[in-house]
Every structure is written in structure tokens, then in C-alpha cells.
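Asks: Sharing a structure here in C-alpha cells format.
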Amino acid sequence: MKQEQLKAWQPDQFDRFVRILEQDQLNHAYLFSGFFGSLEMAQFLAKSLFCTDKVGVLPCEKCRNCKLIEQEEFPDVTLIKPVNQVIKTERIRELVGQFSQAGIESQQQVFIIEQAEKMHPNAANSLLKVIEEPQSEVYIFFLTSDEEKMLPTIRSRTQIFHFKKQEEKLILLLEQMGLVKKKATLLAQFSQSRIEAEKLANQASFWTLVDESERLLTRLLAKKKKVISKLLN
């Protein structure tokens, strides 16, 4: 997602971060609650740090660094995801070991932790000192579907930004992809993120499951009506 799209999906948050960048006040730790544009915002901010051809504070989106960050291949931007529904303590401790080191391309490093609520409590706690007293130019972005699922110790030490679900915009996007209104609406309501919606839109197994669920619901409602009818008669 390019910055024009990000601004269209999350205009308030985009403008807030542009002001933060202009004032050179980017914090070392953020908690992004909600998946509608949160990963893209973290990547946008990473680009703003590493871009070699910025326009003011905005990344160019065209240089080598910007493209590598977009492709999740830039060495100083590390993306951490759960493995088997958990982010293990060992993985976070490996990261903590990197925090005291300078980056490969520059002095800065960015760490983006997706589904951060799936960190083992020991893993989350091992980050507290780094958040409070960063030893180098480290920026950490915790991404979660719900901030209440995060440990209070993490919430209290990060700046929290909310990325609300943009259902109407997602419906329009899915319709532009070729889905009829009914399917676009259902998928927009079901999905937690734009990426998930786009992935499921062309997944035949998902729509087969939807059809089977609808048929089951229709049968159950029909049986319920029969039972109610018998009771009344």
C-alpha cells in the first residue's frame, strides 16, 4: 500500500504521523491497535527513516530502500510473526541482542511485531527495559487486533494509535475486484484487515464454506419455525 492509499484509508493517523516526523519526534515504541493499515503505517514510517530521496519527511517510494522495505527484504527492518500461534521468548531474546547493535545499512533499526498479543508473557517482559532505555536508534512497532490483549506493562510504555476498520472503503475495494455487493459486504464484515479480505476474495474454499454455512443456517431456521408452529398449535 502506497502512502496515497494509506492516507485515504487512515487520514487522521497519517496526518498525525506526518506532523510527528516534521517535528522529529518519532517515539521508540508504538502500539498499533487494529489491522486496517497498521502494518502499512509501520512500513511507511520505516521508509521515512531509511529513504534516500525523501520529499520533505515523506519517503519517495521509489528508491532501493523503500522498495526493499515494501518487499519485507530490507536488512534493518525486521518483521516478526507468530509461529504456530505464538511468538516465543527465544525469538524475542534474539531481537534484544540486536538492539544494542547498529543497523547494517545505518545506525537505525526497525522492528515490527505482528499479532503482538501472541507473544509469550516472558517474551513481552524481556522487551520492557529496551523500551524504557533504548541503547541505540531502535524503533519498535507492536501490531495487535486489540490493545486489551496486550500486557499492561507494554501498553503503559508505548504510545497507542488506533486503526479503525474501514468497512465501507473495504466493500468498495472488494466490489472493484469483482465481488457482488452481498459478498463484498460479508467479506468486509468478516475480515480483520485489507490483506486478509483480498486474500479470501479469490479463495474458492472460503466461499464454499460460506455457502455451506448459509445452507445449514437455513435448515436450522426452518426446523425452528416447525417446532414453534407445533408448540403454538
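Asks: Report the FRET efficiency, 1/(1 + (r/R0)^6), for residue 200 and residue 63, where r is their Cβ-Cβ distance and R0 is 35 Å, rounded to 0.05.
Replies: Taking R0 as 35 Å, the efficiency between residue 200 and residue 63 is 0.60.
Asks: May I ask which residue of 127, 184, 159 lies farthest towards the positive end of the charge dipole of the stretch 86-188, with charges of +1 (Lys, Arg) and -1 (Asp, Glu) on Cβ and the Cα centre as origin?
Replies: 184
Asks: Shifting gears a bit: What label, among (i) 52, 40, 32; (ii) 77, 39, 28; (iii) 64, 43, 31, belongs to Cα extents along the principal axes in Å computed from the structure on display?
Replies: Correct label, based on the coordinates given: (ii).
Asks: By how many degrees, 0 to 90 and rounded to 10, does the Cα axis of helix 11-22 deviate from the longest principal axis of the chain?
Replies: So the inclination is approximately 0 degrees.
Asks: Once you put a point 7 Å from the Cα of residue 84 and another 7 Å from the Cα of residue 8, both along the Cβ direction, what distance in nm separates them?
Replies: The two pseudo-label positions are separated by 4.2 nm.
Asks: Provide the percentage of antiparallel DSSP beta bridges, counting only those with both residues in the stretch 3-164; round to the nearest 5.
Replies: Of all bridge pairs located within the stretch 3-164, approximately 10 percent are antiparallel.
Asks: Return the calculated 222 nm mean residue ellipticity for the chain, to the nearest 500 deg cm²/dmol, obtained by summing -39500 (n - 2.57) across DSSP H runs with n ≥ 4 and dividing by the residue count.
Replies: That comes out to -15500 deg cm²/dmol.
Asks: For the stretch 169-232, what is the per residue volume of the convex hull drawn over the alpha-carbon atoms, in cubic angstrom?
Replies: With only Cα atoms used, the stretch 169-232 gives 95 Å³ per residue.
Asks: Check the straight Cα-Cα distances from residue 88 and name the lysines below 30 Å, setting aside those fewer than 8 residues away within the same chain.
Replies: Within reach: 47, 67, 118, 129, 149, 164, 165, 199.
Throughout, read-outs are computed from the coordinates displayed, never taken from laboratory work. Keep in mind the model is a prediction, meaning the values are calculated, not measured. Reconstructed Cβ throughout: ideal geometry from the backbone, glycine too, with neighbour counts over all protein chains shown.
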